[in-house]
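Nothing in this text is a laboratory measurement; each read-out follows from the coordinates by a stated rule. Model, not experiment: these values are computed from the prediction. Note that each Cβ is placed from the backbone with ideal geometry, even for glycine, and that neighbours are counted across all protein chains shown.
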Amino acid sequence: MTSVTGMENCVISLDKVSKVFGKANSAGFYTAVDNLDLKVAQGQMLALLGKTGCGKSTIFNMIAGLTEPSEGRVTVSGHDPFREFDAFRGKMAIVFQGDRLLPWRTAIENVELGLEILGQSAKQRRSHAMSWLERLGLRGHEHDYPHALSGGMRQRVSIARAFATNANLLLCDEPFSALDEMTGKRLRTEFVKLVKENGKTAVFITHSINEALEIGDRIVVLKRPATIAIDIPLTSETRDDAKEAIRSRIQGALAA
Ligand SMILES: Nc1ncnc2c1ncn2[C@@H]1O[C@H](COP(=O)(O)OP(=O)(O)O)[C@@H](O)[C@H]1O
Ligand SMILES: [Mg+2]
């Protein structure tokens, strides 16, 4: 099992990280993340669980280099994701809640988009993108525009886009929460399989206990403002035997 501290093979490290919005002592001042320490080991699939508004997306945005911490330090593979944003091109793939596909590009063109920065030829891009669309069950839909696809299919395209870049780190912010339960469950299972088969490190944000239990090798439960309430490593055995105990522990932490 991957160790929880994972100091020896840590990919993501948040060290005493805080994020405040607004000016100190002003009405809009708000601490969204408070002195958070979190390390994610290579190959780990971390489910980051918390109620809406507890600061999950703020943490996500700091790891993705979209925003800077107010205090503390965030490193991804030893680099600062905000200040060295270019160093992460093609190394980090992101799946958001909305599929964020470009409406004027077909499914395959959307998948190809992420490959353009990798310097592949047009022909390579096309066949690579096609192979990922096929793996996600979208053969025959490659030339469809997003509006012609169902929500589940669009989210499959965005997963294909993320995996096609071959990035070792996947960051997902509630990617399946807008889908119906059955579609979400099916995509989760496929997603976990793909992450494991391809040896990725993944941070998966969710507000659903079920989803966290299905996805994570480790569940970190956050309470507002984002600080760690509990940190639970899972193995295949604990997932089967002690799921209910873990579920009630999580419920207790979220209610507290
Ligand atoms: N850009 C911002 N300016 C001011 N407040 C913000 C901003 N982004 C988020 N917040 C606040 O920070 C808190 C955490 O937000 P967020 O990280 O989006 O939570 P979550 O993703 O867990 O639902 C919320 O109270 C939100 O209103
Ligand atoms: Mg959010």
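Using a 10 angstrom cutoff on alpha carbons, build the Gaussian network for the chain and name the most mobile of Thr206, Thr227, Thr235.
Highest fluctuation among the options: Thr235.
Which FRET efficiency, nearest 0.05, do Glu134 and Asn210 yield, Cβ-Cβ r, R0 22 Å?
So the FRET efficiency works out to roughly 0.15.
Run the numbers for Val20 and Lys243: contour at 0.36 nm per residue of separation, minus the present Cα-Cα distance, in nm.
76.8 nm
Hey, quick one: spin label on Asp144, modelled 7 Å out along Cα-Cβ, who in region 82-125 has an amide N within reach, i.e. under 12 Å?
Backbone N within reach: 107-108.
Return the single residue from Pro225, Pro233, Pro103 with maximal mean-square fluctuation; model: Gaussian network over the chain, springs between Cα atoms under 10 Å.
Result for the chain, Cα springs under 10 Å: Pro103 fluctuates most.
What are the principal axis extents of the Cα atoms in region 49-172, in Å, biggest first?
48, 34, 23
Express as a percent, rounded to the nearest 5, the fraction of DSSP beta bridges in the chain (both residues included) that run antiparallel.
Antiparallel bridges: around 50 percent, rounded to the nearest 5.
Using Cα pairs under 8 angstrom and six or more residues apart, how large is the relative contact order of region 103-166, in percent?
52 percent
Relative contact order (percent) for the chain, with alpha-carbon contacts under 8 angstrom and 6 or more residues of separation? Don't skip to the end; give the middle numbers.
Values: 487 pairs, mean separation 64.4, N = 256.
Relative contact order for the chain comes out at 25 percent.
What whole-number volume per residue, in cubic angstrom, does the convex hull of the C-alpha atoms of region 121-256 give?
Spread over its residues, the Cα hull of region 121-256 gives 132 Å³ apiece.
Between beta-carbons, use under 13 Å as the cut-off and find the net charge around Gly152, counting Lys and Arg +1, Asp and Glu -1.
Numbers: positive: Arg154, Arg156, Lys185, Arg186, Arg188; negative: Asp99, Asp180, Glu181, Glu190.
Value of the local net charge: +1.
I need to check one value: relative contact order of region 1-141, counting alpha carbon pairs closer than 8 Å and at least 6 residues apart, in percent.
20 percent
Can you work out D for the chain in µm² s⁻¹ from Stokes-Einstein, where Rh is the Kirkwood radius over C-alpha pairs, the temperature is 10 °C and the viscosity is 1.306 mPa s? Kindly include the intermediate steps, with their values, before the conclusion.
Details: Rh = 18.9 Å.
In µm²/s, the coefficient is 84.
For the chain, with a Gaussian network of springs between Cα atoms less than 10 Å apart, report the residue from Gln42, Gln120, Gln97 with the top mean-square fluctuation.
Among Gln42, Gln120, Gln97, the largest mean-square fluctuation in the Gaussian network model of the chain belongs to Gln120.
Which translational diffusion coefficient, to the nearest whole µm²/s, is obtained for region 103-166 from the Stokes-Einstein equation, given a Kirkwood hydrodynamic radius over C-alpha pairs, 10 °C and 1.306 mPa s?
142 µm²/s
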